[in-house]
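Below: one structure, written as structure tokens.
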Amino acid sequence: MAAYLCPPSVIHGEHTVRTSQIVAEVRARHPHAPWAQRIDGIAASTGIEKRGWMLPLETAVAPGSGNGLPAAGPGPTREALAGKGFSEQDVDRVIAALEAMPAPQTVQERTAPAWAAVQSCGERAARGALQIAGLDAADVDCLITSHSTTPALPGLDVSLANRLPLRGDVMLLPATQWACIAGTRSLALAADLVAADPDRVVLVVIAEALSTTYQPADDTLESLIVRLLFADTAVAAVVTGRPTPASALRLDAAWHHTLPGTRDLHRLETREDGTHFVMDRRGPRAVQQTVTAMWEWLRLRYEDDPDSWHPDVLLAHPGGTRVLEYMEQTMPDGWPSGLLDHSRDSYTTGNRGGAAVFDIMRRAYDAGQERGSRAVLYAAAPGLTATALEGEWL
């Protein structure tokens, strides 16, 4: 396989949103929710005190430009009310009340500013990755992108091709539905591309505005948890088929695993007021099954050296603390402690979805990994599907 990964560029959302702000907003909006009395404990259990968003919290919770009138408008509404026997005076009062009633933001109102921010942050991350690699936009042969929370066509790939700009013959590979797995799966695809042509230069860019899943009107416990978890991040990195002075990690093998019958456990739904991330409490258990399968892949890969081989760092997308705890509990005996320290550190400022693994790798790189130490990269996503890679620090 032998693909070479340069250190990633990471752009965090510039607007700091504290958990205390989210708790205050939710408590004021849903004072009688069944979980209202437990909100402080629920928030504390995430271990997240703040996260960066591409847009401020006030943007997410602002009302839309419309009002409570039906889409048909005041005329048909008046006729319908009059037809039900309402007096003209009563109709006037109802129409006035509906016109004064704020409506939630539409999909367009919520997504358009986020999509603009995704493109801007994605460009910054891409330029940073090229600078780290010592390359220019003209050197890129293939661009892989992912941005599952801001649907757009054309997508981030075409946007960046124009913004950077890239050559006209660059292969554009948008993967807008990879979500949490975008980090590892994009690297696996990039490794296949450079294996076919070692002189190829692949640029990977993942930009996620996960804050667009913050839906103020939702009063479910799952929606509360979604509000508390997500952060916005753009990341990028260069993958080459031959080592360069900037190469930090050699990728040696990739593994993929999909669990049948799990496509409804976690999912994005587009509704009238925007994108909703729907969680299922069975999700962590399903993710644990992919972790168990990954351990078996590594066992078979190193079955000739089972006693001495172990990774020196695990760059694991932390979908939640339960997944990280399960990974630690099920590691083979004798593996050192602290393999997930950088994953835990990343999670303290939010779940970054597909950008998480790149952020975790950057933290590991900045902390200084010894040459020759082994790394395992892992992520799972709605589907339920997982990809892992195994490699060596250079």
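Three principal axis extents of segment 197-356 based on alpha-carbon atoms, in descending order, are 54, 39, 31 Å. Restricting the calculation to alpha carbons of segment 301-394 gives Rg and Dmax of 13.1, 39 angstrom. Of the residues 67, 26, 277, the one whose Cα sits farthest toward the positive end of the charge dipole of the chain, with +1 on the Cβ of Lys and Arg and -1 on the Cβ of Asp and Glu, is 67.
With Cα atoms defining each centre, segment 106-135 and segment 311-330 are spaced 28 Å apart in the structure. Label sites at residue 192 and residue 21, each approximated as a point 7 angstrom past Cα along Cα to Cβ, lie 4.1 nm apart.
Just by accessible area at a 1.4 angstrom probe, what is the order of 99, 109 from largest to smallest?
If we order 99, 109 from most to least accessible, we get 99, 109.
Probe 1.4 Å, all protein chains in place: accessible area of residue 333 in Å², nearest 10? Only protein atoms counted, so the area is about 150 Å². Heavy-atom accessible area for residue 159, with the other protein chains in place and a 1.4 Å probe, reaches approximately 20 Å². Taking amide H atoms as placed 1.01 Å from N in the peptide plane, the amide H of residue 274 lies under 5 Å from those of 107, each 5 or more residues away in sequence or on another chain. On the basis of the beta-carbon distance and an R0 of 25 Å, residue 44 and residue 269 show a calculated FRET efficiency of 0.35.
In this structure, residue 329 and residue 220 have a Cβ-Cβ separation that, at R0 = 30 Å, corresponds to a calculated FRET efficiency of about 0.55. Each peptide among 386-393, 57-64 gets the average number of other Cβ atoms lying within 10 Å of its residues, and from highest to lowest they stand as 386-393, 57-64. At a probe radius of 1.4 angstrom, the accessible area of the chain per residue rounds to 44 square angstrom. Report P(r) for segment 102-206: all Cα-Cα distances, bin width 5 Å, range 0 to the bin holding the largest distance, values in whole percent. Going out from 0 Å in 5 Å bins, segment 102-206 shows 2, 12, 22, 24, 19, 10, 5, 3, 2, 1, 0, 0 percent. Length gained on full extension, residue 72 to residue 256, computed as 0.36 nm times the residue gap minus the Cα-Cα distance: 61.3 nm.
Couplings for segment 113-127, taken from phi via the Karplus curve 6.51 cos²θ - 1.76 cosθ + 1.60 with θ = phi - 60°, read x, 5, 5, 4, 5, 4, 5, 5, 5, x, 5, 4, 5, 4, 5 Hz in order; Gly and Pro are left as x.
Taking every C-alpha pair closer than 8 Å and separated by at least 6 residues, the mean separation divided by the residue count of the chain gives a relative contact order of 24 percent. For residue 249, the residues 5 or more places off, or on other chains, whose built amide H falls under 5 Å of its own are 5, 394. Sorting the segments 31-44, 304-317, 202-215 by their residues' average number of neighbouring beta-carbon atoms within 10 angstrom, most packed first, yields 202-215, 304-317, 31-44. Centre-to-centre, using Cα atoms only, segment 195-219 and segment 1-60 are separated by 18 Å.
Note on segment 309-360: the alpha carbon radius of gyration divided by the globular reference 2.2 N^0.38 Å gives 1.10. Taking amide H atoms as placed 1.01 Å from N in the peptide plane, the amide H of residue 149 lies under 5 Å from those of 209, each 5 or more residues away in sequence or on another chain. Using the Cβ-Cβ distance between residue 93 and residue 337 with R0 = 51 Å, the FRET efficiency computed as 1/(1 + (r/R0)^6) comes to roughly 0.15. Of the solvent-accessible surface of the chain, computed with a 1.4 Å probe and all protein chains present, 51% belongs to carbon and sulfur. Mind jotting down the distance between the C-alpha centroids of segment 350-394 and segment 220-241, whole Å? Measuring centre to centre over Cα atoms gives 14 Å. Annotation for residue 62 and residue 304: the two label points, set 7 Å from Cα along the Cα-Cβ direction, are 6.2 nm apart. Working from Cα pairs under 8 Å separated by at least six residues, relative contact order for segment 86-212 is 33 percent.
The values are calculated or read from the model by the stated rules, or taken from the named source; none is laboratory data. Source: prediction; values computed, not measured. FYI the Cβ positions are ideal-geometry reconstructions off the backbone, even for glycines, and counts take in every protein chain you see. We work out accessible area using only protein heavy atoms, side chains counted, and drop any ligands, DNA or RNA first. Shrake-Rupley method; radii C 1.70, N 1.55, O 1.52, S 1.80 Å.
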